[in-house]
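J.: Got a structure for you, questions after.
Every number here is computed from the coordinates shown, using simple stated rules; none is lab data. Please read these numbers as outputs of a predicted model, since none were measured by experiment. Counting neighbours? That spans all protein chains shown, and the Cβs are built from the backbone with ideal geometry, glycine included.
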Amino acid sequence: AQSVTQLDSQVPVFEEAPVELRCNYSSSVSVYLFWYVQYPNQGLQLLLKYLSGSTLVKGINGFEAEFNKSQTSFHLRKPSVHISDTAEYFCAVTNTGNQFYFGTGTSLTVIP
Amino acid sequence: KAGVTQTPRYLIKTRGQQVTLSCSPISGHRSVSWYQQTPGQGLQFLFEYFSETQRNKGNFPGRFSGRQFSNSRSEMNVSTLELGDSALYLCASSLEPAGGIYEQYFGPGTRLTVT
């Protein structure tokens, strides 16, 4: 079985500052990793995914993440955040494609 | 293509009642998963259906059940509602991952409040 840990439940950051949202996973098999964003009163939207190949993955809205197999991490980063990035962010893992395990989420608040 | 749709969007029920939620996946998607989202718990996997068969099931009591129809539409049912069942229920659909891994596309959710 897999599990996902998002250590930071809340992350406040000033506008135009960089941000990193941390995600660690545990699995005894190869995994595929995802980051989703959820805006208020909406479902989840895919930001980026790691399936194979380059460990640095670029996604939408200027976000990127790096897969680190030795540290079992998949941290999400953005060099300069905007007010519109305020949302809940979820990290997810799967090894089969038909059962996903999600973290408890990180609430990102961008302060003007 | 139209996205994943869920009905109703909001629902208020009383303890002990039962409820049925509906999900229509993206056209061509054959896998439908259901999640319960509560503050502090994140998304917890309920079950996943493919071609009318439940392929995976999470760790929820038997009061939670689901089904999938031949057109891939899915319903989930919760019987004998408890206050703790109040949550946002999310449905997600994906292509059958034959030879690949596909992301899940989420609907807007059904907000269930149990009083």
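J.: Taking the beta-carbon count within 10 Å as an exposure proxy, list B:10, B:49 from fewest neighbours to most.
T.: The most exposed by this proxy come first: B:10, B:49.
J.: Next question. Just to confirm the filter: which trypsin sites (Lys or Arg not before Pro) across the range A:1-71 are DSSP coil and have at most 14 other Cβ within 10 angstrom of their Cβ?
T.: Taking the range A:1-71 and a limit of 14 other Cβ atoms within 10 Å, the loop trypsin sites (Lys or Arg not before Pro) found are A:69.
J.: Something else about it: Which one, A:29, A:11, A:57, has the greatest fluctuation when you compute a Gaussian network model over chain A with C-alpha springs under 10 angstrom?
T.: It is A:29.
J.: Enter the mean projected area of the convex hull around the alpha-carbon atoms of the range A:1-50, in nm², rounded to one decimal.
T.: Result: 4.8 nm².
J.: Compute and list, largest first, the equivalent-ellipsoid semi-axes of chain B from the alpha carbon gyration tensor, each √(5λ) rounded to a whole angstrom.
T.: Values for chain B, descending: 24, 14, 13 Å.
J.: Going by how many other Cβ atoms sit within 10 Å of their own, how do B:29, A:82 line up, fewest first?
T.: Taking fewest neighbouring Cβ atoms as first place, the list is A:82, B:29.
J.: Once the mean 1/r over all distinct Cα pairs of chain A is inverted, what Kirkwood radius in angstroms do you read off?
T.: One over the average 1/r among Cα pairs gives 14.0 Å for chain A.
J.: Could you name the lysines in cross-link range of residue A:49, using Cα to Cα under 19 Å and dropping any fewer than eight places away on the same chain?
T.: Candidates past the 8-residue exclusion: A:58, A:69, A:78.
J.: A follow-up question, please. Relative contact order for chain A: what percent, with Cα pairs under 8 Å and sequence separation of 6 or more?
T.: Over chain A, the number comes to 37 percent.
J.: Based only on Cα atoms, what Rg/Rh ratio does the protein assembly as shown have, Rh being taken as Kirkwood's radius?
T.: A ratio of 0.97.
J.: For the range B:54-115, how big is Rg over Rh, using alpha carbon atoms and the Kirkwood form of Rh?
T.: In the range B:54-115, Rg relative to Rh is 1.00.
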